[in-house]
1. Go through region 155-180 residue by residue and tally those that are away from the ligand (no atom under 12 Å from the Cβ), under 22 Å from the mean Cα position of the chain (by Cα) and under 21 Å from Pro113 (Cα atoms).
2. Kindly list the number of the only condition in (1) at pLDDT 95 or above; (2) under 23 Å from Asp144 (Cβ atoms); (3) not charged (D, E, K, R) that fails for Leu54.
3. Which one of these is surrounded by 15 or more Cβ atoms within 10 Å (Cβ to Cβ), more than 18 Å from the chain's Cα centre (by Cα) and among the aliphatic types (A, V, I, L, M): Ala23, Ala70?
4. Going by the structure shown, is Leu112 within 28 Å of Ala38 (Cα to Cα) and at pLDDT 95 or above?
5. Tell me the strands (runs of 3 or more DSSP E) entirely within region 58-145 that contain at least 1 residues that are in contact (Cβ under 8 Å) with a residue 40 or more places away in the chain and over 20 Å from Leu181 (Cα atoms).
6. Here are Ile143, Ile185, Ile91, Ile104: which of them is more than 11 Å from the ligand (Cβ to nearest atom) and touching a helix residue (DSSP H, G or I) at 6+ places or on another chain (Cβ under 8 Å)?
7. Only one of these conditions is not met by Leu75: (1) away from the ligand (no atom under 16 Å from the Cβ); (2) over 18 Å from the mean Cα position of the chain (by Cα). Which number is it?
Amino acid sequence: MRLALFASGSGSNVQAIIDAVQAGKLNVELVALFCDQAGARVIERAEQAGIDTLVLAPQDCPSRQAWEEAIVAFLKERKVELIVLAGFMRILGEPLLEAYPEAIVNIHPSLLPAFPGRQGIQDAYEAGVAETGVTIHWVDAGIDTGEIIVQEKVRIEADWSLDDLAQAIHQVEHRLYPATLQEIIEERRED
Ligand code: GRF
């Protein structure tokens, strides 16, 4: 299975996926990284792993449509079969969704449908809920709305700071994302 990673920032989830592939726990080929933020740390991580990278911001294209078409062309050239969003901070539009139906996965740091959007960890912490967690889901045109594949709960202990919660969430993400991707590709092989 030929997989592309999309990310905008630090890329700790991308790193967890790269590490799982290198350890033989995730049987995919990482053939592309797409990043919309020049200078993002994730670009170095992909370079170190020898993954072909495209960095392109929508503002550098004549239109949003042209931006997505350029991404689709990059992916098609590399025969990508599955897109994995890992801290990718933009909503996808028609060109990508139509080119990759039921083939785009996202990870979100809350128990969706609770706390969608950019600050899922902080929003849960500030709401004072007893538990939050991680959701992995298929991507549709909404914001964190697609069909849920798996969720894992994280209990928020009374003495935790926001940073403690963020660390606990990221630990779950780094284990759950590679393991779930492996399950997805095994299921697809059986189809
Ligand atoms: C993760 O918490 C992920 O759930 C969210 O964005 C964060 C990305 O972190 N969508 P990183 O770039 O993988 O370190």
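1. Looking only at that region, the number is 2.
2. Result: Leu54 passes all but (2).
3. Values: Ala23 fails: surrounded by 15 or more Cβ atoms within 10 Å (Cβ to Cβ).
The match here is Ala70.
4. Values: within 28 Å of Ala38 (Cα to Cα): no; at pLDDT 95 or above: yes.
Here the answer is no, as Leu112 does not meet what is asked.
5. Numbers: elements: 82-85, 104-108, 131-138.
Where strands (runs of 3 or more DSSP E) fall fully within region 58-145, none carries at least 1 residues being in contact (Cβ under 8 Å) with a residue 40 or more places away in the chain and over 20 Å from Leu181 (Cα atoms).
6. Working: Ile143 fails: touching a helix residue (DSSP H, G or I) at 6+ places or on another chain (Cβ under 8 Å); Ile185 fails: touching a helix residue (DSSP H, G or I) at 6+ places or on another chain (Cβ under 8 Å); Ile91 fails: touching a helix residue (DSSP H, G or I) at 6+ places or on another chain (Cβ under 8 Å).
Only one candidate passes the filter, namely Ile104.
7. (2)
Each row is one residue, and each column tells you yes or no for (1) at pLDDT 95 or above; (2) within 11 Å of the ligand (Cβ to nearest atom); (3) of a type in the set (A, V, I, L, M, F, W, C); (4) at positive phi.
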site	(1), (2), (3), (4)
Ala38	yes, no, yes, no
Gly50	yes, no, no, yes
Glu69	yes, no, no, no
Ile83	yes, no, yes, no
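The values are calculated or read from the model by the stated rules, or taken from the named source; none is laboratory data. This structure is a prediction, so every number in the text was calculated from the model and none was measured. Cβ sites come from the backbone with ideal geometry, for glycine too, and all protein chains shown count toward neighbours.
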